[in-house]
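> One structure is given below, represented as structure tokens, and several questions about it will come after.
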Amino acid sequence: MFTGIITDIGTIRAHEQRGDLRLVIGCGYAMDSVAIGASIACSGACLTVVDKGDDWFAVDLSAETVARTAPGLWREGGRLNLERALKVGDELGGHIVTGHVDAVGHLVSAQSEGDSIRLVIRAPQQLATALATKGSITVDGISLTVNSVEDRPDGSVDFGLNIIPHTAAATTLDKLEDGRAFNLEIDVLARYLDRMQTLRSGMM
């Protein structure tokens, strides 16, 4: 379990396709406090530490994980938003995040708005009913508040976010390429409500 508050930015130092994809990720964590088998959210995907050194840890990604996350995210040299798993008693500064990616969204626009950056991200139809103004969304592991929602004729949905300077500086949102893909996780409450509504509709 996580909160969506990023505590480090990691860099992929090595990328090796074995049976699964093995990544070695450089980080600033005190690795003597990170156990083998611990969970670390890497740009929103909960991954298991399988090896470690003084300033790095390794994870294995299954083909399923690679297929369900943002294309190109796991390339060598790529940067990842990192968050260690929540401990009982820790401050819950964001919202409850599971580290399970629901879908991939794509950047529509990024414009300055005061000192902040106004992002519009397009999400697929499967997330449309789970996004609401002033609700929570996790974007590449970052807990953010949805400021606007616009449904599109094809069923997809554009949602707006405001990124303050601190958030941009502390995450990988400091660099925004055209069409960038993002890992999206809806609020856990929205996930259960959507499931309940689907079941109720099927009973009518």
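Here, each number is a calculation from the coordinates, and none is a lab measurement. All figures in this text were calculated on a predicted structure; none of them were measured in a lab. Here the Cβ is made from the backbone with ideal geometry for all residues, glycine too, and neighbour counts use every protein chain on show.
> For the stretch 48-89, how many residues are free of Cβ contacts under 8 Å to residues at least 40 places away in the same chain and of a type in the set (Asp, Glu)?
Qualifying residue count for the region: 4.
> What residue, of Arg68, Arg79, is among the basic types (Lys, Arg) and touching a helix residue (DSSP H, G or I) at 6+ places or on another chain (Cβ under 9 Å)?
On the way: Arg68 fails: touching a helix residue (DSSP H, G or I) at 6+ places or on another chain (Cβ under 9 Å).
Unique residue meeting the criteria: Arg79.
> Which residue is nearest to the chain's Cα centre (by Cα), if the candidates are limited to the stretch 98-111 and must be outside any loop (DSSP other than H, G, I, E, B) and more than 15 Å from Leu127 (Cβ to Cβ)? Explain how you work it out, then say what you get.
If we filter the stretch 98-111 for residues that are outside any loop (DSSP other than H, G, I, E, B), which is where we start, we get 103-111.
Then keep just the ones that are more than 15 Å from Leu127 (Cβ to Cβ); that gives 107, 109-111.
Numbers: Leu107: 14, Ser109: 18, Ala110: 18, Gln111: 21 Å.
Out of the qualifying residues, it is Leu107.
> Considering only the stretch 11-28, I want to know if a residue exists there that is under 27 Å from Ser136 (Cα atoms) and of a type in the set (S, T, N, Q).
The answer is yes, given that some residue of the stretch 11-28 is under 27 Å from Ser136 (Cα atoms) and of a type in the set (S, T, N, Q).
> To continue, here is another question. Could you tell me how many of the residues in the stretch 156-176 are assigned to a helix (DSSP H, G or I) and not β-branched (Val, Ile, Thr)?
Restricting attention to the stretch 156-176, the residues satisfying the condition of being assigned to a helix (DSSP H, G or I) are 165-170, 172-174.
Okay, now just the ones that are also not β-branched (Val, Ile, Thr), so 165-166, 168-170, 173-174.
Qualifying residue count for the region: 7.
For (1) of a type in the set (Val, Ile, Thr); (2) farther than 14 Å from Leu107 by Cβ, each residue gets a yes or a no:
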position	(1), (2)
Ser136	no, yes
Val139	yes, no
Leu144	no, no
Ser148	no, yes
Ser156	no, no
Pro165	no, yes
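> Could you go through the stretch 153-172 and let me know if any residue there is in contact with a helix residue (DSSP H, G or I) (Cβ under 8 Å, 6 or more places away or on another chain), surrounded by 14 or more Cβ atoms within 10 Å (Cβ to Cβ), hydroxyl-bearing (Ser, Thr, Tyr) and within 20 Å of Leu73 (Cα to Cα).
At the first step, the residues of the stretch 153-172 found to be in contact with a helix residue (DSSP H, G or I) (Cβ under 8 Å, 6 or more places away or on another chain) are 154-157, 163, 167-168.
Then drop every residue that is not surrounded by 14 or more Cβ atoms within 10 Å (Cβ to Cβ), which leaves 156-157, 163, 167-168.
Right, trim to hydroxyl-bearing (Ser, Thr, Tyr) and you get 156, 167.
Checking the rest, the ones that are also within 20 Å of Leu73 (Cα to Cα) come to 167.
Checked against the condition, which is being in contact with a helix residue (DSSP H, G or I) (Cβ under 8 Å, 6 or more places away or on another chain), surrounded by 14 or more Cβ atoms within 10 Å (Cβ to Cβ), hydroxyl-bearing (Ser, Thr, Tyr) and within 20 Å of Leu73 (Cα to Cα), the stretch 153-172 yields at least one hit.
> Does the stretch 126-142 contain at least one residue that is free of Cβ contacts under 8 Å to residues at least 24 places away in the same chain, of a type outside the set (Gly, Ala, Ser) and either surrounded by 16 or more Cβ atoms within 10 Å (Cβ to Cβ) or not in a strand (DSSP E or B) (or both)? Even if it seems obvious, please write down each step before you answer.
Here is the first cut: in the stretch 126-142, the ones free of Cβ contacts under 8 Å to residues at least 24 places away in the same chain are 133-134.
Filter once more, so that each one left must be of a type outside the set (Gly, Ala, Ser): 133-134.
So of that shortlist, the ones also either surrounded by 16 or more Cβ atoms within 10 Å (Cβ to Cβ) or not in a strand (DSSP E or B) (or both) come out as 133-134.
Taking every residue of the stretch 126-142 in turn, at least one turns out to be free of Cβ contacts under 8 Å to residues at least 24 places away in the same chain, of a type outside the set (Gly, Ala, Ser) and either surrounded by 16 or more Cβ atoms within 10 Å (Cβ to Cβ) or not in a strand (DSSP E or B) (or both).
> Quick check: is even one residue across the stretch 25-39 among the aromatic types (Phe, Trp, Tyr), out of contact with any helix residue (DSSP H, G or I) (no Cβ under 6 Å at 6 or more places or on another chain) and within 25 Å of Arg180 (Cβ to Cβ)? Walk me through how you get there before you give the answer.
Of the residues in the stretch 25-39, the ones among the aromatic types (Phe, Trp, Tyr) are 29.
Checking which are out of contact with any helix residue (DSSP H, G or I) (no Cβ under 6 Å at 6 or more places or on another chain) leaves us with 29.
Now drop any that are not within 25 Å of Arg180 (Cβ to Cβ), which leaves none.
No - not one qualifying residue is present in the stretch 25-39.
> Can you name every residue in the stretch 117-142 that is within 11 Å of Asp158 (Cβ to Cβ) and basic (Lys, Arg)?
We begin by selecting, within the stretch 117-142, every residue within 11 Å of Asp158 (Cβ to Cβ); these are 119-123, 128, 131.
Hit for the stretch 117-142 is Arg122, nothing else.
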